[in-house]
């Protein structure tokens, strides 16, 4: 199965979720800031890559995990995928989309804007890490639910 | 090959462009093409982002229409990315209707969705402003992809 974690820029919350899913980050503790900052793609995905599904890794069941920034097209892209799969004759059950934006706090949005939007990388990145660490347990629970759902599918 | 004709929405302009491409015609008889365009519109009433298959051209290429909203780059990149992920064997080429969109066409679509005849009249004026340029560009596009 293909799992795609989606957020606005494909740089913060989707990366965190994908990292938890692929065991790059722990599920039994809150990681240190450096562990988050050193993740591939974290706060690094350039604007020109928004929309592109980026391969992140595989999980223990060989599911392929992707991240994707949706920008302002979060309602449109799922329709693109569904209709594309229909045209190709591929079952939609082979893909699982999870939008991680609902788990994002104001500090993550602010930090993301400072770093990605204004180029103020140092303060922006720190603020995103602060925000994600605060909501980290929710991300862990969300990934557990995703794993349970795709195991049933 | 899959040809994707895309604009902000799937309305009068996308239907007109599709027919112009398929017919590849020098038809300036707007009354005839209007009826064909209007008969297509109900099929195009889909949520934004939906790839709508509209048959094939004379070379056997699949024709699709796509209403992609304002986020053109994100939507196209998503589509190409999904194509890569699923190793699609079908090459996709895109024809962008953004250069031909104008406020009369948007207004025409708005009234057409409300089933008002006024929409047809406004859209026709909007099409007249871009018809020649669109026809010429579609001919060039057709020749380039079928070389």
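The values are calculated or read from the model by the stated rules, or taken from the named source; none is laboratory data. Every value quoted in this text rests on a predicted model; they were computed, and no experiment measured them. Here Cβ is always computed from backbone atoms with ideal geometry, including for glycine, and neighbour counts include all displayed protein chains.
Please go through (1) touching a residue at least 24 places away in the same chain (Cβ under 8 Å); (2) assigned to a loop (DSSP other than H, G, I, E, B); (3) over 22 Å from residue A:71 (Cβ atoms); (4) at the interface with chain A (Cβ under 9 Å from one of its Cβ atoms) for residue B:59 and return the number of the only condition it doesn't satisfy.
(4)
Checking residue B:21 against (1) in contact with a strand residue (DSSP E or B) (Cβ under 8 Å, 6 or more places away or on another chain); (2) farther than 30 Å from residue A:97 by Cα; (3) surrounded by fewer than 20 Cβ atoms within 10 Å (Cβ to Cβ), which single condition isn't satisfied?
(3)
Consider the stretch B:73-114. How many of its residues are within 14 Å of chain A (Cβ to nearest Cβ) and part of a helix (DSSP H, G or I)? Outline the logic, then answer.
Here is the first cut: in the stretch B:73-114, the residues within 14 Å of chain A (Cβ to nearest Cβ) are B:73-92, B:94.
Within this subset, residues satisfying the condition of being part of a helix (DSSP H, G or I) are B:73-85.
So the count comes out to 13.
Just one of B:44, B:65, B:13 is away from chain A (no Cβ under 14 Å) and more than 30 Å from residue A:65 (Cβ to Cβ); which is it?
On the way: B:44 fails: away from chain A (no Cβ under 14 Å); B:65 fails: away from chain A (no Cβ under 14 Å).
Exactly one residue qualifies, and that residue is B:13.
Say whether the condition of being more than 14 Å from chain B (Cβ to nearest Cβ), part of a loop (DSSP other than H, G, I, E, B) and in contact with a helix residue (DSSP H, G or I) (Cβ under 8 Å, 6 or more places away or on another chain) is met by at least one residue in the stretch A:53-61.
Yes - at least one qualifying residue is present in the stretch A:53-61.
For the stretch A:83-111, give me the residue count where each residue is within 14 Å of chain B (Cβ to nearest Cβ) and either part of a loop (DSSP other than H, G, I, E, B) or under 21 Å from residue A:69 (Cβ atoms) (or both).
So the count comes out to 10.
Given the criterion surrounded by 13 or more Cβ atoms within 10 Å (Cβ to Cβ) and within 14 Å of the chain's Cα centre (by Cα), identify the matching residue among B:49, B:55, B:81.
Numbers: B:55 fails: surrounded by 13 or more Cβ atoms within 10 Å (Cβ to Cβ); B:81 fails: within 14 Å of the chain's Cα centre (by Cα).
Sole residue among the options that is surrounded by 13 or more Cβ atoms within 10 Å (Cβ to Cβ) and within 14 Å of the chain's Cα centre (by Cα): B:49.
Could you say which residue among A:51, A:69, A:10 is modelled with pLDDT of 95 or more and at positive phi?
On the way: A:69 fails: at positive phi; A:10 fails: modelled with pLDDT of 95 or more.
Criteria check complete, one pass: A:51.
Looking at residue B:138, is it in contact (Cβ under 8 Å) with a residue 40 or more places away in the chain and more than 14 Å from chain A (Cβ to nearest Cβ)? Don't jump to the end; show me each part of the working.
Working: in contact (Cβ under 8 Å) with a residue 40 or more places away in the chain: yes; more than 14 Å from chain A (Cβ to nearest Cβ): yes.
In short, yes.
Conditions (1) under 14 Å from the mean Cα position of the chain (by Cα); (2) more than 29 Å from residue B:70 (Cβ to Cβ), marked per residue:
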| site | (1), (2) |
| --- | --- |
| A:40 | yes, yes |
| A:43 | yes, no |
| A:48 | no, no |
| A:51 | yes, no |
| A:56 | yes, no |
| A:62 | no, yes |
| A:71 | yes, no |
| A:75 | no, no |
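Given A:58, A:92, which one is within 27 Å of residue B:76 (Cα to Cα) and touching a strand residue (DSSP E or B) at 6+ places or on another chain (Cβ under 6 Å)? Don't jump to the end; show me each part of the working.
Working: A:92 fails: touching a strand residue (DSSP E or B) at 6+ places or on another chain (Cβ under 6 Å).
One residue alone meets the criteria, A:58.
Name the residues in the stretch A:10-25 that are in contact with a strand residue (DSSP E or B) (Cβ under 6 Å, 6 or more places away or on another chain) and surrounded by fewer than 24 Cβ atoms within 10 Å (Cβ to Cβ), would you? Lay out the reasoning, then the answer.
So the first thing to find is which residues in the stretch A:10-25 are in contact with a strand residue (DSSP E or B) (Cβ under 6 Å, 6 or more places away or on another chain), and the list is A:10, A:13-15, A:17-18, A:21-22.
Result: A:22, single match.
Please find, among A:39, A:114, the residue that is assigned to a helix (DSSP H, G or I) and away from chain B (no Cβ under 14 Å). Break it down stepwise before answering.
On the way: A:39 fails: assigned to a helix (DSSP H, G or I).
Step by step, each of A:39, A:114 is checked, and only A:114 is assigned to a helix (DSSP H, G or I) and away from chain B (no Cβ under 14 Å).
Go through the stretch A:73-82 and report how many residues are touching a residue at least 12 places away in the same chain (Cβ under 8 Å) and in a loop (DSSP other than H, G, I, E, B). Before you say what the answer is, go through the steps one by one.
Taking the stretch A:73-82 and keeping what is touching a residue at least 12 places away in the same chain (Cβ under 8 Å), we get A:73-74, A:77-78, A:81.
Filter once more, keeping what is in a loop (DSSP other than H, G, I, E, B): A:73-74.
Of the residues in that region, 2 qualify.
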